[in-house]
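Notes follow once the structure below has been shown.
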Amino acid sequence: GAGVSQSPSNKVTEKGKDVELRCDPISGHTALYWYRQSLGQGLEFLIYFQGNSAPDKSGLPSDRFSAERTGGSVSTLTIQRTQQEDSAVYLCASSPMALQETQYFGPGTRLLVL
Amino acid sequence: SQKIEQNSEALNIQEGKTATLTCNYTNYSPAYLQWYRQDPGRGPVFLLLIRENEKEKRKERLKVTFDTTLKQSLFHITASQPADSATYLCALDLFYNQGGKLIFGQGTELSVKP
């Protein structure tokens, strides 16, 4: 079956612009996660959804970052007023449920802020 | 503070040898630990999960150990092949404390030479 998909695969934007990154999880997966990976670094947790609610937003780096999930499926990560330090690969993962489960990752969106 | 450390330097080995990667952590009491493989330009792919009450887990040429006293996991690839070249990430689940969130190490790059 289809895996996790993300769009766009690449995004180049100018500093100060807003961007929206989309994640389509595996069908039926109730948990969804967003991570950020900077060049040569490990994954940094941003936010996690169980269904449409986000019990843990602790990883969002600033109030310029927000995320929503509708219908228990697609999620959008929005970065407002982008800064150069926001440049990174943004990875989405999903799992059948939140606890004690493998996470299935999408290919990521490579964001470059000029 | 909570910390996860993997071999920071790239590991270069000869085909056919056993590769051993290390993951050390402090100030966590994880319910389980996972290992992922990440190829350039792609999202991580799940390899193995080992629970806190398990000492060792095997899957084909892969073996993972988990010592909760030492706070260390070792990841072994036996009879290594050039196709095993990738970055390997360890991840801890904070189920007991922060359910559903994986904390990743920065990864170790493995290169297997023919």
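Only the coordinates and a few stated rules stand behind these numbers; no lab work does. Only a predicted model underlies this, so the values are computations on that prediction, with no experimental measurement involved. Neighbour counts run over all protein chains shown; Cβ positions are idealised from the backbone, glycine included.
For the reader, a short list of remarks on this structure follows.
- Among residues other than residue B:24 with Cβ under 12 Å from its Cβ, the summed charge is 0 (Lys and Arg +1, Asp and Glu -1).
- For peptide B:36-46, the mean count of partner chain Cβ atoms within 10 Å of a residue's Cβ comes to 5.
- Charge-dipole axis of segment A:5-101 as Lys and Arg at +1 and Asp and Glu at -1 on Cβ define it, positive-most pick from A:23, A:48, A:58: A:23
- Contact order for chain B, expressed relative to its length and based on alpha carbon pairs under 8 Å spaced 6+ residues apart, stands at 36 percent.
- Neighbour count of at most 16 Cβ within 10 Å plus DSSP loop: longest trypsin sites (Lys or Arg not before Pro)-free window in chain A: A:18-56
- Rg and Dmax of the protein assembly as shown, Cα atoms only, in Å: 17.6, 51
- Calculated on the alpha-carbon coordinates, the convex hull of chain B measures out at 99 cubic angstrom per residue.
- Take every pair of alpha-carbon atoms less than 8 Å apart whose residues are at least six positions apart; their mean separation over the length of segment A:5-101 yields a relative contact order of 36 percent.
- Over segment A:3-113, volume per residue of the alpha carbon convex hull, in Å³: 91 Å³
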